[in-house]
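Colleague: The structure follows.
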Amino acid sequence: MTSRKTPEIKTKRKQDRAWLLATAKTVAETLKTRTGGTKLRIRIPRRATTTNTDGWSAIIGDLGNGHPRLEVWFDRFSGYPERKLYACLRSEEQQPIVSITKRVSKKLLPVRIVTVDDTDEGKFLILSKRLKRSEFSTPILEKYPDGRTFYGIYDPTRETAERVSPHFCMRAAAFFEDVVLALPHSAPEEEQREVYPCFENRKNVASHLQRERSKLLAIECKIRDNYTCQVCDIRFEDAYGKLGRDFAEAHHLVPLHQLGENVKTRMEDLATVCANCHRMLHRMNGKRGDIKKLKALVGKHRP
Ligand SMILES: [Zn+2]
Ligand SMILES: [Zn+2]
(Lines give C-alpha, C1' and ligand atoms only; values in the text may rest on other atoms or scores of the structure.)
(Ligands and ions follow the chains in the order given, each with its own letter.)
Protein backbone atom coordinates (compact mmCIF):
# COMPACT_ATOMS: atom_id res chain seq x y z
CA MET A 1 0.00 0.00 0.00
CA THR A 2 1.05 3.54 -0.52
CA SER A 3 -0.52 6.92 -1.17
CA ARG A 4 0.14 9.86 -3.41
CA LYS A 5 1.58 11.69 -0.40
CA THR A 6 4.39 9.18 -0.16
CA PRO A 7 7.65 10.82 -1.03
CA GLU A 8 10.16 8.90 -3.05
CA ILE A 9 12.14 6.50 -0.97
CA LYS A 10 15.66 7.70 -1.47
CA THR A 11 17.50 4.75 -0.12
CA LYS A 12 16.94 1.43 -1.71
CA ARG A 13 19.57 -0.36 0.16
CA LYS A 14 20.66 -3.77 -0.83
CA GLN A 15 20.73 -4.90 2.77
CA ASP A 16 17.00 -4.14 3.20
CA ARG A 17 16.17 -7.40 1.52
CA ALA A 18 18.53 -9.34 3.79
CA TRP A 19 17.06 -7.49 6.76
CA LEU A 20 13.52 -8.52 5.78
CA LEU A 21 14.65 -12.11 5.42
CA ALA A 22 16.36 -12.11 8.83
CA THR A 23 13.23 -10.61 10.38
CA ALA A 24 10.96 -13.19 8.73
CA LYS A 25 13.22 -15.99 9.96
CA THR A 26 13.05 -14.70 13.52
CA VAL A 27 9.25 -14.50 13.39
CA ALA A 28 9.10 -18.07 12.04
CA GLU A 29 11.47 -19.38 14.69
CA THR A 30 9.52 -17.61 17.46
CA LEU A 31 6.26 -19.10 16.22
CA LYS A 32 7.66 -22.56 15.81
CA THR A 33 8.23 -22.97 19.52
CA ARG A 34 4.73 -21.86 20.45
CA THR A 35 2.21 -23.35 18.11
CA GLY A 36 2.80 -27.09 18.28
CA GLY A 37 -0.40 -29.10 17.86
CA THR A 38 -2.14 -26.39 15.85
CA LYS A 39 -2.93 -26.22 12.15
CA LEU A 40 -0.04 -23.93 11.53
CA ARG A 41 2.79 -25.19 9.34
CA ILE A 42 5.89 -23.10 9.74
CA ARG A 43 8.63 -22.91 7.16
CA ILE A 44 11.83 -21.08 7.91
CA PRO A 45 12.18 -18.87 4.82
CA ARG A 46 15.29 -19.12 2.66
CA ARG A 47 14.57 -16.27 0.30
CA ALA A 48 12.69 -13.03 -0.04
CA THR A 49 10.88 -12.13 -3.25
CA THR A 50 10.33 -8.70 -4.73
CA THR A 51 6.82 -7.32 -4.25
CA ASN A 52 4.83 -5.07 -6.57
CA THR A 53 4.86 -2.42 -3.86
CA ASP A 54 8.54 -1.61 -3.98
CA GLY A 55 9.74 -4.00 -1.33
CA TRP A 56 10.18 -7.65 -0.43
CA SER A 57 8.19 -10.42 1.17
CA ALA A 58 8.90 -13.86 2.58
CA ILE A 59 6.58 -16.77 3.22
CA ILE A 60 6.92 -18.23 6.68
CA GLY A 61 4.20 -20.87 6.59
CA ASP A 62 0.55 -21.65 5.94
CA LEU A 63 -2.58 -22.99 7.59
CA GLY A 64 -2.69 -26.23 5.65
CA ASN A 65 -3.44 -27.15 2.06
CA GLY A 66 -5.21 -24.43 0.16
CA HIS A 67 -5.39 -22.26 3.23
CA PRO A 68 -3.95 -18.80 3.71
CA ARG A 69 -0.23 -18.27 3.79
CA LEU A 70 1.65 -16.43 6.49
CA GLU A 71 3.92 -13.74 5.12
CA VAL A 72 6.21 -11.00 6.34
CA TRP A 73 6.65 -7.91 4.12
CA PHE A 74 8.84 -4.87 4.08
CA ASP A 75 7.39 -2.43 1.60
CA ARG A 76 6.08 1.05 0.85
CA PHE A 77 3.22 2.17 2.94
CA SER A 78 0.50 4.76 3.06
CA GLY A 79 1.89 8.25 3.30
CA TYR A 80 5.04 7.40 5.20
CA PRO A 81 8.42 8.07 3.66
CA GLU A 82 9.98 4.81 4.69
CA ARG A 83 9.19 1.18 4.12
CA LYS A 84 7.23 -0.57 6.84
CA LEU A 85 7.25 -4.10 8.15
CA TYR A 86 4.02 -6.01 7.79
CA ALA A 87 2.88 -9.43 9.00
CA CYS A 88 -0.13 -10.92 7.29
CA LEU A 89 -2.24 -13.82 6.22
CA ARG A 90 -2.61 -13.85 2.47
CA SER A 91 -4.95 -15.70 0.17
CA GLU A 92 -5.85 -15.49 -3.50
CA GLU A 93 -9.51 -15.79 -2.54
CA GLN A 94 -11.58 -13.80 -0.05
CA GLN A 95 -13.48 -16.56 1.68
CA PRO A 96 -10.77 -18.29 3.75
CA ILE A 97 -9.51 -15.07 5.27
CA VAL A 98 -12.89 -13.44 5.77
CA SER A 99 -14.03 -16.51 7.72
CA ILE A 100 -10.91 -16.27 9.87
CA THR A 101 -11.58 -12.62 10.68
CA LYS A 102 -15.07 -13.61 11.81
CA ARG A 103 -13.64 -16.10 14.27
CA VAL A 104 -11.07 -13.79 15.76
CA SER A 105 -13.37 -10.79 15.64
CA LYS A 106 -13.98 -10.54 19.38
CA LYS A 107 -10.34 -9.86 19.97
CA LEU A 108 -8.94 -8.67 16.70
CA LEU A 109 -11.68 -7.13 14.66
CA PRO A 110 -10.14 -5.55 11.58
CA VAL A 111 -9.88 -1.83 12.20
CA ARG A 112 -10.13 -0.96 8.53
CA ILE A 113 -11.37 -2.75 5.49
CA VAL A 114 -9.87 -1.58 2.25
CA THR A 115 -12.72 -1.00 -0.21
CA VAL A 116 -13.41 0.34 -3.68
CA ASP A 117 -13.11 3.85 -2.26
CA ASP A 118 -9.43 3.12 -1.96
CA THR A 119 -8.26 3.19 -5.52
CA ASP A 120 -5.44 1.70 -7.49
CA GLU A 121 -3.02 4.01 -9.18
CA GLY A 122 -0.44 2.36 -11.28
CA LYS A 123 0.82 -0.50 -9.25
CA PHE A 124 0.07 1.07 -5.87
CA LEU A 125 -3.05 1.22 -3.80
CA ILE A 126 -4.12 4.69 -2.73
CA LEU A 127 -5.87 4.81 0.61
CA SER A 128 -8.70 7.33 0.50
CA LYS A 129 -8.05 7.96 4.19
CA ARG A 130 -4.51 7.69 5.46
CA LEU A 131 -4.05 5.12 8.19
CA LYS A 132 -3.37 6.66 11.57
CA ARG A 133 -0.29 5.56 13.47
CA SER A 134 -2.54 4.27 16.25
CA GLU A 135 -4.17 1.95 13.73
CA PHE A 136 -0.93 0.38 12.66
CA SER A 137 -0.88 -2.51 15.05
CA THR A 138 -4.57 -3.32 14.85
CA PRO A 139 -5.31 -5.80 12.08
CA ILE A 140 -6.48 -4.51 8.73
CA LEU A 141 -8.43 -6.52 6.21
CA GLU A 142 -7.57 -5.76 2.59
CA LYS A 143 -9.91 -7.16 -0.05
CA TYR A 144 -9.03 -6.59 -3.68
CA PRO A 145 -11.40 -6.94 -6.63
CA ASP A 146 -9.32 -9.78 -8.10
CA GLY A 147 -9.87 -11.83 -4.96
CA ARG A 148 -6.51 -11.34 -3.33
CA THR A 149 -7.09 -10.84 0.38
CA PHE A 150 -4.77 -9.81 3.19
CA TYR A 151 -5.28 -9.64 6.93
CA GLY A 152 -2.38 -8.26 8.89
CA ILE A 153 -0.65 -5.70 11.03
CA TYR A 154 1.81 -2.98 10.13
CA ASP A 155 4.66 -1.99 12.36
CA PRO A 156 4.46 1.51 13.82
CA THR A 157 8.09 1.67 14.89
CA ARG A 158 11.01 2.93 12.93
CA GLU A 159 13.87 0.77 11.88
CA THR A 160 16.16 -0.12 14.71
CA ALA A 161 19.89 -0.42 14.72
CA GLU A 162 19.48 -4.01 15.83
CA ARG A 163 19.70 -6.81 13.35
CA VAL A 164 15.98 -7.35 13.59
CA SER A 165 13.33 -5.37 15.41
CA PRO A 166 12.48 -7.39 18.54
CA HIS A 167 9.19 -5.60 19.01
CA PHE A 168 8.04 -6.31 15.49
CA CYS A 169 8.96 -9.98 15.80
CA MET A 170 7.01 -10.25 19.06
CA ARG A 171 4.01 -8.45 17.59
CA ALA A 172 4.01 -10.52 14.43
CA ALA A 173 4.31 -13.82 16.29
CA ALA A 174 1.59 -12.75 18.73
CA PHE A 175 -0.74 -11.81 15.90
CA PHE A 176 -0.28 -15.16 14.14
CA GLU A 177 -0.70 -16.98 17.44
CA ASP A 178 -3.99 -15.19 18.17
CA VAL A 179 -5.26 -16.11 14.72
CA VAL A 180 -4.21 -19.74 14.92
CA LEU A 181 -5.64 -20.25 18.39
CA ALA A 182 -8.99 -18.88 17.21
CA LEU A 183 -9.28 -21.59 14.57
CA PRO A 184 -11.15 -24.83 15.15
CA HIS A 185 -9.08 -27.89 16.16
CA SER A 186 -6.43 -25.76 17.75
CA ALA A 187 -4.78 -27.28 20.77
CA PRO A 188 -6.21 -25.80 23.94
CA GLU A 189 -4.19 -23.00 25.41
CA GLU A 190 -2.03 -24.03 28.27
CA GLU A 191 -2.44 -21.19 30.66
CA GLN A 192 -1.60 -21.44 34.28
CA ARG A 193 -4.67 -21.68 36.43
CA GLU A 194 -5.20 -18.79 38.71
CA VAL A 195 -7.35 -18.51 41.77
CA TYR A 196 -10.43 -16.39 41.26
CA PRO A 197 -12.98 -15.14 43.69
CA CYS A 198 -15.61 -17.82 44.08
CA PHE A 199 -18.48 -15.36 43.79
CA GLU A 200 -17.64 -14.41 40.23
CA ASN A 201 -19.75 -15.83 37.50
CA ARG A 202 -17.68 -18.40 35.62
CA LYS A 203 -18.60 -17.17 32.20
CA ASN A 204 -17.50 -13.65 33.04
CA VAL A 205 -14.20 -14.83 34.44
CA ALA A 206 -13.56 -16.91 31.33
CA SER A 207 -14.39 -13.93 29.15
CA HIS A 208 -12.12 -11.68 31.20
CA LEU A 209 -9.22 -14.07 30.84
CA GLN A 210 -9.81 -14.56 27.15
CA ARG A 211 -9.41 -10.85 26.65
CA GLU A 212 -6.16 -10.82 28.53
CA ARG A 213 -4.95 -13.71 26.44
CA SER A 214 -4.98 -11.93 23.16
CA LYS A 215 -1.26 -12.10 22.67
CA LEU A 216 -1.12 -9.14 20.35
CA LEU A 217 -3.13 -6.78 22.55
CA ALA A 218 -1.18 -7.87 25.61
CA ILE A 219 2.11 -7.12 23.87
CA GLU A 220 0.89 -3.72 22.65
CA CYS A 221 -0.15 -2.90 26.21
CA LYS A 222 3.21 -3.94 27.68
CA ILE A 223 5.18 -2.01 25.08
CA ARG A 224 3.07 1.07 25.82
CA ASP A 225 3.74 0.74 29.59
CA ASN A 226 7.40 -0.12 29.04
CA TYR A 227 6.91 -3.43 30.89
CA THR A 228 6.39 -1.56 34.16
CA CYS A 229 3.79 -2.72 36.68
CA GLN A 230 1.12 -0.03 36.93
CA VAL A 231 0.51 -0.98 40.55
CA CYS A 232 3.91 -1.39 42.22
CA ASP A 233 6.17 0.12 39.53
CA ILE A 234 8.47 -2.87 39.26
CA ARG A 235 10.11 -3.45 35.89
CA PHE A 236 11.58 -6.92 35.82
CA GLU A 237 14.46 -6.00 33.57
CA ASP A 238 15.59 -3.43 36.14
CA ALA A 239 15.35 -5.98 38.94
CA TYR A 240 16.61 -9.12 37.19
CA GLY A 241 18.60 -7.83 34.26
CA LYS A 242 18.35 -9.58 30.92
CA LEU A 243 16.50 -12.52 32.46
CA GLY A 244 13.58 -10.27 33.28
CA ARG A 245 13.37 -8.61 29.90
CA ASP A 246 9.82 -8.31 28.53
CA PHE A 247 8.40 -10.10 31.55
CA ALA A 248 5.03 -8.69 32.56
CA GLU A 249 1.32 -9.43 32.28
CA ALA A 250 -1.69 -7.58 30.95
CA HIS A 251 -4.81 -7.09 33.06
CA HIS A 252 -8.23 -6.16 31.73
CA LEU A 253 -9.69 -3.16 33.55
CA VAL A 254 -13.32 -3.41 32.59
CA PRO A 255 -15.49 -4.77 35.40
CA LEU A 256 -16.32 -8.42 34.87
CA HIS A 257 -20.07 -7.90 34.96
CA GLN A 258 -19.81 -5.38 32.13
CA LEU A 259 -18.08 -7.70 29.73
CA GLY A 260 -20.46 -8.45 26.95
CA GLU A 261 -19.76 -11.01 24.28
CA ASN A 262 -19.27 -8.51 21.51
CA VAL A 263 -17.50 -5.69 23.23
CA LYS A 264 -14.24 -5.10 21.50
CA THR A 265 -11.18 -4.95 23.70
CA ARG A 266 -9.39 -1.65 23.39
CA MET A 267 -5.85 -0.93 24.41
CA GLU A 268 -7.13 1.61 26.96
CA ASP A 269 -8.85 -1.25 28.78
CA LEU A 270 -5.60 -3.06 29.46
CA ALA A 271 -2.91 -2.30 32.03
CA THR A 272 0.52 -3.83 32.51
CA VAL A 273 1.00 -5.48 35.89
CA CYS A 274 3.54 -7.79 37.47
CA ALA A 275 2.62 -11.38 38.31
CA ASN A 276 2.13 -10.65 42.01
CA CYS A 277 -0.05 -7.60 41.57
CA HIS A 278 -2.02 -9.47 38.93
CA ARG A 279 -2.88 -12.23 41.40
CA MET A 280 -3.89 -9.61 43.94
CA LEU A 281 -6.10 -7.84 41.41
CA HIS A 282 -7.94 -11.05 40.76
CA ARG A 283 -8.65 -11.39 44.47
CA MET A 284 -10.38 -8.03 44.40
CA ASN A 285 -13.83 -7.10 43.15
CA GLY A 286 -13.22 -6.94 39.43
CA LYS A 287 -14.00 -3.24 39.26
CA ARG A 288 -12.39 -0.53 37.20
CA GLY A 289 -10.89 1.26 40.21
CA ASP A 290 -9.06 -1.83 41.47
CA ILE A 291 -5.65 -0.80 40.15
CA LYS A 292 -5.85 2.55 41.91
CA LYS A 293 -6.97 0.93 45.15
CA LEU A 294 -4.24 -1.66 45.02
CA LYS A 295 -1.65 0.99 44.27
CA ALA A 296 -2.74 2.88 47.36
CA LEU A 297 -2.52 -0.30 49.41
CA VAL A 298 0.99 -1.05 48.18
CA GLY A 299 2.06 2.51 49.04
CA LYS A 300 0.62 2.19 52.51
CA HIS A 301 2.31 -1.09 53.32
CA ARG A 302 5.63 -0.42 51.75
CA PRO A 303 8.32 0.29 54.37
ZN1 LIG B 1 3.32 -5.09 40.66
ZN1 LIG C 1 -6.29 -9.96 35.04
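The values are calculated or read from the model by the stated rules, or taken from the named source; none is laboratory data. Just so you know, these numbers come straight off a predicted model, no measurement behind them. No Cβ is skipped: glycine too gets one built from the backbone with ideal geometry, and neighbour counts run over all protein chains shown. What goes into the accessible areas is simple: the full protein's heavy atoms, side chains included, and nothing from ligands, DNA or RNA. Shrake-Rupley method; radii C 1.70, N 1.55, O 1.52, S 1.80 Å.
Colleague: Just the residues that are farther than 14 Å from Val273 by Cβ and among the hydrophobic types (A, V, I, L, M, F, W, C), please, taken from region 221-249.
Modeller: If the condition is that a residue be farther than 14 Å from Val273 by Cβ and among the hydrophobic types (A, V, I, L, M, F, W, C), then Ile223, Ala239, Leu243 are the ones that fit.
Colleague: While we're here: For region 31-42, which residues satisfy the criterion of being in contact with a Phe, Trp or Tyr (Cβ under 9 Å, 6 or more places away or on another chain) and either of a type in the set (Ser, Thr, Tyr) or free of Cβ contacts under 8 Å to residues at least 12 places away in the same chain (or both)?
Modeller: Once the filter is applied, which keeps residues that are in contact with a Phe, Trp or Tyr (Cβ under 9 Å, 6 or more places away or on another chain) and either of a type in the set (Ser, Thr, Tyr) or free of Cβ contacts under 8 Å to residues at least 12 places away in the same chain (or both), region 31-42 yields only Thr35.
Colleague: I would also like to ask the following. For region 264-303, enumerate the residues that are of a type in the set (A, V, I, L, M) and touching a strand residue (DSSP E or B) at 6+ places or on another chain (Cβ under 7 Å). Walk me through it before giving the result.
Modeller: The first filter runs over region 264-303 and keeps only residues of a type in the set (A, V, I, L, M), leaving 267, 270-271, 273, 275, 280-281, 284, 291, 294, 296-298.
Within region 264-303, Leu270, Ala271, Val273, Ala275, Leu281, Ile291 qualify.
Colleague: While we're on this one: Only one residue in Trp56, Trp73 is modelled with pLDDT of 75 or more, more than 23 Å from Pro96 (Cα to Cα) and buried (at least 20 other Cβ atoms within 10 Å of the Cβ), so which one is that? Give the steps one after another, and end with the answer.
Modeller: Details: Trp73 fails: more than 23 Å from Pro96 (Cα to Cα).
That would be Trp56, the only listed residue that is modelled with pLDDT of 75 or more, more than 23 Å from Pro96 (Cα to Cα) and buried (at least 20 other Cβ atoms within 10 Å of the Cβ).
Colleague: Still on this structure: Quick check on my filter: what residues within region 18-47 are in contact with a helix residue (DSSP H, G or I) (Cβ under 7 Å, 6 or more places away or on another chain) and closer than 16 Å to Asp155 by Cβ?
Modeller: Thr23, Thr26, Val27, Thr30
Colleague: What are the residues in region 59-70 that are open to solvent by less than 30 Å² (accessible area, probe 1.4 Å) and in contact (Cβ under 8 Å) with a residue 24 or more places away in the chain, if any? Let's see the steps before the verdict.
Modeller: Kept after step one, since they are open to solvent by less than 30 Å² (accessible area, probe 1.4 Å), are these residues of region 59-70: 60-64, 68, 70.
Hits for region 59-70 are Ile60, Gly61, Leu63, Gly64, Pro68, Leu70.
Colleague: Six or more apart or on different chains, Cβ under 8 Å: which pairs go from a residue in region 265-280 that's in a helix (DSSP H, G or I) to one that's of a type in the set (Lys, Arg)? Could you list them?
Modeller: Met267/Arg224; Asp269/Arg211
Colleague: Let me ask something else. Return the residues of region 264-285 that are near ligand 1 (Cβ under 9 Å from one of its atoms), surrounded by 21 or more Cβ atoms within 10 Å (Cβ to Cβ) and small (Gly, Ala, Ser); say none if nothing qualifies.
Modeller: none
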